[in-house]
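As structure tokens, the structure follows; a few thoughts come after it.
The values are calculated or read from the model by the stated rules, or taken from the named source; none is laboratory data. The model shown is predicted, which means the values in this text are computed figures rather than measured ones. Backbone-built Cβ (ideal geometry, glycine too); neighbour counts: all protein chains shown.
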Amino acid sequence: MPEQPIVKMVNISKRFGAVQALDRVSLDVNEGEVLGLLGDNGAGKSTLIKILAGIFPPTEGEIYFEGKPVRLSSPKEARELGIETVHQKLSLVDIMTISRNFFLGREPVKKIGPFSFLDKRKMDEECRKVVTQVGVRVRDPNEYVSILSGGERQAISIGRAMYFGARILILDEPMTALSVREQRTVIEEVKNAKAAGAAIIFITHNVYHVYPVADRFVILDKGKKIGEVTKAEVTAEELTEIVAAGSMTGEPEIGS
Amino acid sequence: MANEENARDRDQGSLAARITTRLRRNPAVGVIGAFLVLFVIFSSLNSSFLSVKNLTGIFTIVSELGIVTIGIAFVMITGEFDLSVSSVYALSGFLFVTLANQINSLLALFVTLAIAVAIGFINGLITVRVRLPSFITTLGMQMFIRGILLAVTGGASVSYHGDRIVPAMFTNIVGQGFRPSHLWFIVITVVFSLILTRTRYGNWVYATGGDREVARAMGVHVDRVKIQNFMISAVLAALSGCIVLTRFKIANAAFGVGMELEAIAAAVIGGTFLTGGYGTIIGAFFGALIMGMMRTGLIMSGAPAYWYQAFVGAILVIAATINLKLHRIEM
């Protein structure tokens, strides 16, 4: 009997006014796998994972976490289940320090009388540890995020997600605007996260970004799921063709 | 051995680096420097500037503006404006007198502050729900309250006949011009500074103003934070309005006109960003101190009172420019 998927999204639809962003998309994520979520711009990839991250609810459809139905009505609830997201541009506040960013929304406190104050020492120490682990060199966790490069930001965001015990790590276009070397760092981080036992959903429109690390692919186009394949079944070239054509047959849709 | 020494070197290096970075980066350093320079200038222009009586007199005015400025700074750090503080200030003074003339003054104070909290809540709710720029929401609130106040009172003043509890708490002179309001201002500065820099709420305030979408994605209830800050701003403006009232013993619907811009100027001089995400309460404290000192200092050095505005204008632009440059270097 196959293991049950850690997350099951069933017939998810999302409408923004007149726009049908998602149309009955189903998605399974299995324990310990790297799932490449592919599709051209506007395919609905980000909408789908924003629903899973609790940023907004689906118009229709159900989500099951470890077999139990869940309603994710805020990012906080998703994170409590261990669904951690590294958004394309939504992970760190530029004009805050690395350490304040690291614990944003989950700040450790110590009690002094009836008052709770930030445990700055713990914040700085833990943050420094993780930042060093992911290979980012900073003088001080109290440096501003704005001094970091795109790759460093992604590495720290992934490190943070793992530090908080991510069971499912969602990476939304983590390689966009990164240099080739920085892309390698991110790939290393993805491998480390996988080794640590997390299931990973890697969203991209560039097949070559995810092909080296992925086990399985789901392809979206114009809000619909058009295919699902394991790595053994396709080459990167074929996948690119599917994403570009917007259909599994490999032929461009004609006169639809 | 060598390794240990290396490690120690590194630690010392990072400690020294940390201290200089802290200093360089603390938004309050610039404003404290400016304060000291102006203080020396005014002291040398007129020897009586340094008298205790004069300094406490300055601090009385500074306390009233400063308490409002702290609230404004909170709102501005979340990336919003509160232009209604000047009207809340006038309304609260008026409300407090009217109530205290009938009932226990402490109770009157609480009722007044509660009404201010409600006004702040409405400001915040309209801003986050309708997605109206707070500049518009609070400008509307400012005109609305001021208009009603003028219409109801017909511009006539009311004088205070209530008990002595609240005046004793705030403004009765203790000696040499010292008033309890000075202590209130200092305590409020310390408390709100701690809230902003040392609590989870403070972290959310910075994040909400720094990048609303990131803050939301990281689980911060950004709308709630904004509404709470509008409430803080309104209640501090109301408190200041009551403090002024117990000093003057009369309330008038025209009190505090233009004060919102003075408070914004003080916050900006203190290093707060108009765009949100950055600023300190210590900076706001010194910003208000500079404003109050200039007002008195200019008059004492023989300049006509009108010069005050011109100076504030110039210093505002200079301070904002310096803050922006420092920020660019740092980030």
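At-a-glance table
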item: From B:322, B:282, residue being touching a residue at least 12 places away in the same chain (Cβ under 8 Å) and over 18 Å from residue B:206 (Cα atoms); result: B:322
item: Residues that are part of a helix (DSSP H, G or I) and surrounded by 24 or more Cβ atoms within 10 Å (Cβ to Cβ), drawn from region B:81-94; result: B:85, B:86, B:87, B:88, B:89, B:90, B:91, B:92, B:93
item: Enumerated helices (runs of 4 or more DSSP H) restricted to region A:98-163, each holding at least 2 residues that are more than 11 Å from chain B (Cβ to nearest Cβ), within 28 Å of residue A:198 (Cβ to Cβ) and under 22 Å from the mean Cα position of the chain (by Cα); result: A:120-133, A:150-163
item: Only one of B:138, B:127, B:153 that is under 15 Å from residue B:87 (Cβ atoms) and modelled with pLDDT of 95 or more; result: B:138
item: Residues satisfying the stated conditions in region B:215-238, i.e. away from every other protein chain (no Cβ under 14 Å), touching a helix residue (DSSP H, G or I) at 6+ places or on another chain (Cβ under 6 Å) and not charged (D, E, K, R); result: B:227, B:229, B:230, B:231, B:232, B:233, B:234, B:235, B:236, B:237, B:238
item: Residue that is nearest to the other protein chains (Cβ to nearest Cβ) [pool: residues in region A:49-97 that are basic (Lys, Arg) and under 27 Å from residue A:141 (Cα atoms)]; result: A:76
item: Residue count, region B:157-198 (criterion: surrounded by 19 or more Cβ atoms within 10 Å (Cβ to Cβ), outside any helix (DSSP H, G or I) and not β-branched (Val, Ile, Thr)); result: 3
item: Evaluation of residue B:72 against (1) of a type in the set (Val, Ile, Thr); (2) farther than 23 Å from residue B:206 by Cβ; (3) in a helix (DSSP H, G or I) (one fails), failing number; result: (2)
item: Among (1) surrounded by fewer than 16 Cβ atoms within 10 Å (Cβ to Cβ); (2) in a loop (DSSP other than H, G, I, E, B), the one test that residue A:76 misses; result: (2)
item: Selected residue (criterion: nearest to the other protein chains (Cβ to nearest Cβ)) from residues of region B:18-49 that are surrounded by fewer than 13 Cβ atoms within 10 Å (Cβ to Cβ) and at pLDDT below 90; result: B:22
item: Residue in region B:133-151 that is in contact with an Asp or Glu (Cβ under 8 Å, 6 or more places away or on another chain), in contact (Cβ under 8 Å) with a residue 60 or more places away in the chain and not hydroxyl-bearing (Ser, Thr, Tyr) present; result: yes
item: Top-ranked residue of region B:160-198 - restricted to ones that are touching a residue at least 60 places away in the same chain (Cβ under 8 Å) and within 30 Å of residue A:91 (Cα to Cα), ranked as nearest to the other protein chains (Cβ to nearest Cβ); result: B:197
item: Qualifying residue in region A:170-178 (condition: assigned to a strand (DSSP E or B), of a type in the set (A, V, I, L, M, F, W, C) and either under 18 Å from residue A:34 (Cβ atoms) or away from every other protein chain (no Cβ under 14 Å) (or both)); result: yes
item: Residues (in a strand (DSSP E or B), closer than 26 Å to residue A:162 by Cα and among the charged types (D, E, K, R)) located in region A:23-57; result: A:28
item: Filter result for residue A:27 (closer than 22 Å to residue A:175 by Cβ and surrounded by 24 or more Cβ atoms within 10 Å (Cβ to Cβ)); result: no
item: Test: residue A:44 is more than 23 Å from residue A:21 (Cα to Cα) and modelled with pLDDT under 95; result: no
item: Extreme residue, farthest from the other protein chains (Cβ to nearest Cβ), among residues of region B:199-214 that are β-branched (Val, Ile, Thr) and in a helix (DSSP H, G or I); result: B:205
item: Hey, residue A:214 in a helix (DSSP H, G or I) and under 22 Å from residue A:8 (Cβ atoms) or not; result: no
